[in-house]
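Visitor: Take a look at this one; I'll ask things after.
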Amino acid sequence: MRSLDEEIARHLREASAAGELQQAPSYGKPLAVDVGWDETPEALRMPFKILKDAGVTPPEVEMFQQRAKIREQLQREVEGPERDALERKLNELELAIALRLEALRRNAQG
């Protein structure tokens, strides 16, 4: 029984022999580097790339998007209990983001 790597290699050889690979627009060119690739810890690059290619947003990115929305709401809210609630929510979210990023850093370091 062949391993997954051997099976992939076989398919690539067949596609190359049939000329399928050479028809790709990116054939023979370096792969484009995604934004943030260099800043992403090496151990997390492939998992994040797989998520991105699958159309799945990592929870950390969703947290950043939520933070941006709260900040926009705060700019519109002058004062009062709603502003206080938004500020508390923003503080809690920023703490959660900091903790999550620290956990990712620690896991990426091994």
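No value in this document is a laboratory result; all are computed from the given coordinates. On a predicted model such as this, the values are computed, not experimentally measured, just so you know. Counting neighbours? That spans all protein chains shown, and the Cβs are built from the backbone with ideal geometry, glycine included.
Visitor: When residues of the range 82-110 are filtered for being among the aliphatic types (A, V, I, L, M), in contact (Cβ under 8 Å) with a residue 24 or more places away in the chain and out of contact with any Leu (no Cβ under 7 Å at 6 or more places or on another chain), how many remain?
Guide: So the count comes out to 4.
Visitor: Pull up the range 7-59, narrow it to residues that are under 27 Å from the mean Cα position of the chain (by Cα) and among the polar types (S, T, N, Q), then point me to the one that is surrounded by the most Cβ atoms within 10 Å (Cβ to Cβ).
Guide: T40
Visitor: From the list R106, R100, pick out the single residue that is surrounded by 12 or more Cβ atoms within 10 Å (Cβ to Cβ) and within 28 Å of R45 (Cα to Cα).
Guide: Only one candidate passes the filter, namely R100.
Visitor: Determine whether the range 83-96 contains at least one residue that is surrounded by fewer than 10 Cβ atoms within 10 Å (Cβ to Cβ) and not β-branched (V, I, T).
Guide: There is no residue in the range 83-96 that is surrounded by fewer than 10 Cβ atoms within 10 Å (Cβ to Cβ) and not β-branched (V, I, T).
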